[in-house]
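> Okay, handing you the structure first.
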Amino acid sequence: MSDPDDAAARDLSGAGERDNRPSITHESRAPILVALLVAMVLPFLMPADYSPGAQWLLPLVEGALLVAALSVDPGGVDRRSGRLRRLRIGLVMIIAFGAAWATSWLAVDLVQGENVTDSAGELLAAGSVVWLYIVIAFGFVYWELDSGGPGRRARRETRYPDLAFPQHLNPDIAPPGWRPLFVDYLYLGLTDAIAFSPTDVMPLAHWAKLAMGIESGASLVILGLVIARAVNILA
């Protein structure tokens, strides 16, 4: 006969293992859609040169990819689907490309002293918009690439994550089944752009280190050049 104490211990152990499994609850679309809509509006708030082609071009492409993604998976953003992931990656690439284009043109204008760089107010406004574009773009990059994407994170416990959040490093502070959601990655993009270095989230994968380094460098260039130029104009 089996020992009741041993059976109870096995039941508790099994319950603990189940509690540590990632939750498959669908991730809310609301923060993702809000950030995406902001990214689609930003090109219209910048000078025309800061967008490749017409200002409506990238928002139109992003809108088309968004509609396609919603039609493939109307239920949630973390479904494991190859077609859905390709659509999301395409959308993230378009946002990142738009942010890179705007950053490059703003840096050129700052160095050459052209366009918005003659007015401190216009310069600060354009710099703020481009900087926000960078934060949102990298938030999407981290969200989509970390540990295989939201679909894989929702259904498989990540033993070796690409990005180590505090809850990964200290599971005692996280509820059972915790996993990073889009807001966590957007916050990572914000803090990396402000501090120019990792804060509470540590990059472990090579791509994560490279992405955070690029974001920190771009943010440093934009903020440093914009502030220096604005001070020079006001002086």
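The values are calculated or read from the model by the stated rules, or taken from the named source; none is laboratory data. Remember, it's a predicted structure, so these values are computed and weren't measured experimentally. Please note: Cβ atoms are built from the backbone with ideal geometry, for glycine as well, and neighbour counts cover all protein chains shown.
> Name the residues in region 188-235 that are touching a Gly at 6+ places or on another chain (Cβ under 9 Å), at pLDDT 85 or above and charged (D, E, K, R), would you?
Once the filter is applied, which keeps residues that are touching a Gly at 6+ places or on another chain (Cβ under 9 Å), at pLDDT 85 or above and charged (D, E, K, R), region 188-235 yields only 215.
> May I ask you to list pairs of residues, at least six apart or on different chains, whose Cβ atoms are under 9 Å apart, with the first in region 194-206 being farther than 24 Å from residue 224 by Cα and in contact (Cβ under 8 Å) with a residue 40 or more places away in the chain and the second being surrounded by fewer than 16 Cβ atoms within 10 Å (Cβ to Cβ) and not small (Gly, Ala, Ser)?
Qualifying pairs under 9 Å: 203/209; 203/210; 204/160; 205/160.
> Among 227, 222, 136, which is in a helix (DSSP H, G or I), surrounded by fewer than 17 Cβ atoms within 10 Å (Cβ to Cβ) and of a type outside the set (Gly, Ala, Ser)?
Residue meeting the stated conditions: 227.
> On the given criteria, is residue 189 without any contact (Cβ under 8 Å) to a residue 12 or more places away in the chain and either loosely packed, with under 14 Cβ neighbours inside 10 Å or not in a loop (DSSP other than H, G, I, E, B) (or both)?
Judged against the criteria, residue 189 is not a match.
> Still on this model: Out of everything in region 139-160 that is among the hydrophobic types (A, V, I, L, M, F, W, C) and crowded, with 23+ Cβ neighbours inside 10 Å, what residue ends up being nearest to residue 181 (Cα to Cα)?
By that ranking, first place goes to 143.
> Let me ask something additional. Under 7 Å between Cβ atoms, at least 6 apart or on separate chains: pull out the pairs that start in region 109-130 with a residue that is within 23 Å of residue 40 (Cα to Cα) and end on any residue that is among the hydroxyl-bearing types (Ser, Thr, Tyr) and at pLDDT below 80.
109/117; 123/117
> In region 110-129, which residue that is among the hydrophobic types (A, V, I, L, M, F, W, C) and surrounded by fewer than 16 Cβ atoms within 10 Å (Cβ to Cβ) is modelled with the highest pLDDT?
My answer is 125.
> Inside region 148-176, can you point out the residues that are more than 29 Å from residue 83 (Cβ to Cβ) and aliphatic (A, V, I, L, M)?
164, 169, 173, 174
> Next question. Tell me, yes or no, whether region 196-205 has at least one residue that is assigned to a helix (DSSP H, G or I) and of a type in the set (Asp, Glu).
Within region 196-205, not a single residue is assigned to a helix (DSSP H, G or I) and of a type in the set (Asp, Glu).
> Within region 158-180, how many residues turn out to be at pLDDT 85 or above, in a loop (DSSP other than H, G, I, E, B) and under 13 Å from residue 147 (Cβ atoms)?
Looking only at that region, the number is 5.
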